[in-house]
Each structure stands twice: as C-alpha cells, then as structure tokens.
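Okay, structure first, notes after.
None of the figures in this text is laboratory data; all of them are computed from the coordinates on show. Worth saying up front: this structure is predicted, and the values here are computed from it rather than measured. All Cβ positions, even for glycine, are placed from backbone atoms using ideal geometry, and neighbour counts span all protein chains on display.
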C-alpha cells in the first residue's frame with residue numbers, strides 16, 4: 001500500500017475547533033545538545049596545535065561546494081578553545097550564503113560532573129555545545145528533480161550544509177530571511193513528513209556526530225597528542241512547533257493577544273522585525289511569549305506572509321521531569337526522550353489552541369460605560385480604578401499580588417450579582433473579564 005500524497009496543507013494546516021494537536025503532528029525546530037566528550041592527552045603545545053587544525057575542517061552543500069565548519073580561531077592555550085565556534089549564526093539567516101547546519105561553540109568540560117572520571121594523562125576535556133535545527137536540516141536536503149509525493153527521494157546522501165534557493169520563496173515569503181522552515185515545492189513537505197520526526201532527527205544526529213568525530217580524528221592525525229572520545233550527549237533545550245495557514249497572519253496574531261494573555265501566569269510581547277516589502281504601513285509582527293512554567297515557554301508569531309507558528313520550548317528541568325533525564329551516551333538514548341517531550345509540548349499547547357479556535361461567546365448586554373461604572377463603584381480610590389481599567393484594556397487581565405491595594409476592589413468585582421471578573425483558572429490570582437462583559441471591554445478599547 002502506497003503512502004498518502006503529501007502537499008503543503010498536510011504540514012501547514014488550517015486551525016479549527018476540530019483540529020487535533022498531538023505529539024505525532026508536531027515538528028522539531030531548534031535543539032541545544034552538548035556533544036562530547038573528547039579527553040585530550042599529551043604535551044599542551046601539541047594539543048593546542050592539533051585543536052587549531054579544526055579551522056581547516058569543511059563540510060559540503062548539495063551542490064558539492066565546500067563550507068568552512070569553524071571560524072579561524074587560533075588556540076594558543078587550552079582555555080582558548082572557548083573561542084572556537086561553528087561558522088554559522090543561529091539567530092540570523094543569510095539567504096545569499098551557504099552555511100553549516102551546526103551552530104554553537106567548543107567549551108571545556110568539567111570531568112568532575114561527568115559519568116567518566118579523569119583519564120590517566122588527561123590534560124583537558126572538551127565538548128561541542130551545539131545548536132541544531134531539524135527543520136533547517138530537512139529543508140537543506142536536495143531532492144530529485146522529479147520525485148513522487150508519496151515517496152520522495154533524496155538526490156544525494158544527507159548533507160550538513162544549507163544552500164538557500166530562490167525557488168523556495170516563489171509563492172510564500174518569510175517575514176524576515178529564514179531557512180528554518182519547510183517551504184517551497186510540495187516535495188519539500190512530502191519529504192518532511194515521509195518519516196517520523198524521531199527518524200528524521202536520527203539522521204541529523206548521526207550525520208552531525210559522525211562529522212564531529214571525523215574532524216577530531218583529522219585534527220589530531222599525525223600529532224603526538226591524542227583525543228579520546230568518551231560518548232556523552234546532553235539535551236539542554238528543544239523546541240516543538242505547529243504551523244497554521246492564514247491569509248493575514250499578522251492580523252491573526254494581533255487578534256490573539258487577549259486570549260493568549262489569559263493562558264499563562266506570565267505573558268510578554270516583543271516585535272518581530274520584518275523585511276517583507278508589502279508591509280510598509282505595519283512592518284512588524286508581534287511575537288507573544290507565554291511562560292507556562294519556569295522551564296516551558298510558548299511563542300506565537302507570524303512566520304511568513306501565509307502562516308503562523310506556535311512554538312513550545314522545553315529546557316533543563318522540564319526535560320528532566322518529563323523524560324527522567326537529560327544525558328545519554330548514545331544517539332538512541334537521546335531519541336528515546338523525544339516522544340514524551342513531544343507529548344508534553346502538545347499537552348501544553350492544546351488548551352491554548354482550543355481557546356483560539358473556540359466558537360465566539362454570545363454577545364453581552366453590558367456597555368463600556370456600565371463596565372467603568374461598576375469598576376469605579378468597587379473602589380473609593382480613583383487611582384485603583386484607573387489601574388484596573390488600564391490593565392484590562394491593555395492586557396485583558398489583571399494579576400494582584402499579596403497586599404496589593406487593588407485586591408479589595410477586585411474581590412468586589414468577582415462577587416457582583418453579575419460578576420465582572422473571574423479567575424483565569426480555579427485558585428489563580430490572574431483575573432479576566434467574564435463573558436457577559438467581554439463586549440463591553442472591547443467597546444472600551446475603542447476609546448484608547
């Protein structure tokens with residue numbers, strides 16, 4: 001039985017009340033992974049000379065072009081190894097330049113905190129603190145020019161460098177230069193979904209780890225110093241995402257502000273600078289960040305002129321608590337953590353998307369004047385009333401702290417015959433406007 005034919009709408013879906021958010025339809029973007037360790041032995045000068053040879057390491061694009069893997073840092077002392085970085089910027093894409101699919105830097109590893117203790121003759125131990133991006137890795141792979149959408153085929157072996165192509169952006173444009181998205185002809189989406197994300201990640205990690213092992217072997221080849229590989233992989237951070245189609249992504253994100261603000265204890269808004277030429281009157285997209293816990297964040301923003309991305313980032317203790325650990329000595333060990341982490345990400349995002357896609361509540365009968373009147377009655381202090389109104393108008397929520405002067409007024413507003421405020425969730429200090437007063441608040445915003 002053949003696989004289903006995959007097109008863009010299989011990857012970038014439409015959001016509705018019936019949309020299912022599961023671990024199986026998540027995709028992975030950025031990963032922070034420590035890849036190590038290498039125990040360095042021998043004369044210090046010889047170790048430094050060998051490590052300096054890493055500047056000559058190269059990888060190749062799908063076109064066979066050489067791409068320098070590291071910067072040109074010269075190592076004169078072992079502690080100088082911290083200046084050795086991959087020749088790519090994880091926070092900025094250049095669509096006119098080839099780049100390796102590895103970011104991050106080299107650092108000294110503290111063997112005291114490693115499973116394997118210090119080896120005889122060991123002078124130092126290094127680790128590659130990598131930032132990987134699975135989406136960019138998938139997008140970079142060259143597919144056969146003519147290939148079936150139910151069985152897409154690679155035109156070469158897996159590569160570890162990206163060479164952006166103008167054809168990717170013919171029908172859809174990122175709001176700012178980006179290669180960390182699946183975009184272009186339908187065969188790109190078909191290839192991304194041809195295997196599970198765990199299988200795709202396995203290919204990526206295998207190529208990345210093999211490449212690092214080979215460059216270390218080549219750097220120390222012919223040297224009297226040695227580098228002994230002690231397998232160690234530590235997952236520091238991982239981002240899962242879901243993308244949804246929209247004809248007006250910036251407007252859609254703007255319309256989510258109040259709903260998103262009600263979904264977490266802490267809510268932030270940044271501006272996502274865009275370079276799209278048609279966005280001259282409003283050339284920025286808001287990027288909303290929801291802090292679900294200290295180690296779990298949800299980010300919502302317009303990624304292109306046709307899609308919105310919902311990212312869930314898990315790091316440090318969130319990975320420990322969900323997967324039971326963060327470190328392994330094999331790629332299989334890292335892969336075993338992906339399923340529970342994806343399930344946790346889907347569980348966190350599901351209620352947020354359900355709130356966005358829910359049917360609108362019936363219109364309330366109260367006016368903006370009545371809303372302000374009730375808030376003024378609840379407090380004798382006009383400054384308290386002004387604070388409550390400003391918070392509701394701006395953020396759609398209010399969160400008093402202990403001994404906050406506004407707590408008494410908020411309690412009154414929750415205990416009215418027709419309450420104005422309610423807790424975001426039971427026992428939460430964050431209060432939002434009730435359905436009866438939602439339209440009154442919307443009307444009040446028009447007077448800002």
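Observations on the structure shown:
- For q = 0.20 Å⁻¹, Debye-computed log10 I/I(0) when each Cα of segment 276-415 counts as one equal scatterer: -1.16
- An ellipsoid equivalent to segment 289-329, defined through the eigenvalues of its Cα gyration tensor, has semi-axes of 27, 12, 6 Å when rounded to whole angstrom and sorted largest first.
- Efficiency of FRET between residue 154 and residue 269 - r from beta-carbon atoms, R0 35 angstrom, step 0.05: 0.30
- The distance between label points at residue 71 and residue 332 comes to 3.8 nm (points 7 Å beyond Cα on the Cα→Cβ vector).
- Within a Gaussian network of the chain (alpha carbon springs, distance under 10 Å), most fluctuating of 332, 380, 29: 380
- Expressed per residue, the C-alpha convex hull volume of segment 130-198 stands at 105 Å³.
- Axis of helix 368-377 versus longest Cα principal axis of the chain: the two differ by about 80°, to the nearest ten degrees.
- Nitroxide proxy distance, nm - points 7 Å out along Cα→Cβ at residue 176 and residue 442: 3.2
- Semi-axes of the equivalent ellipsoid for segment 1-122, computed as √(5λ) from the eigenvalues of its C-alpha gyration tensor and ordered from largest down, come to 40, 21, 13 Å.
- Kirkwood hydrodynamic radius (C-alpha pairs) into Stokes-Einstein, segment 179-252, 25 °C and 0.890 mPa s, D in µm²/s: 149
- Degrees separating the helix 197-220 axis from the principal Cα axis of the chain, which is the longest one: 40
- Counting only the Cα atoms, segment 368-445 fills a convex hull of 83 Å³ per residue.
- Where the alpha-carbon atoms of segment 327-404 are placed on the principal axes, they occupy 64, 36, 16 Å, in descending order.
- Per residue, the convex hull spanned by the alpha carbons of the chain comes to 181 Å³.
- Annotation: average projected area of segment 91-173 is 9.2 square nanometres, based on the convex hull of Cα atoms across all directions.
- Reported to the nearest whole Å, the Cα centre-to-centre distance from segment 348-380 to segment 1-48 is 39.
- Ordering of 368-374, 411-417 by burial proxy (mean other Cβ atoms within 10 Å per residue, highest first): 368-374, 411-417
- Descending semi-axes in whole angstrom, ellipsoid equivalent of segment 60-105, from the Cα gyration tensor: 24, 12, 7
- Residue 89/residue 369 FRET efficiency (R0 45 Å; Cβ-Cβ; nearest 0.05): 0.25
- CD proxy at 222 nm, helix term only [per DSSP H run n ≥ 4: -39500 (n - 2.57); per residue of the chain; nearest 500]: -8500 deg cm²/dmol
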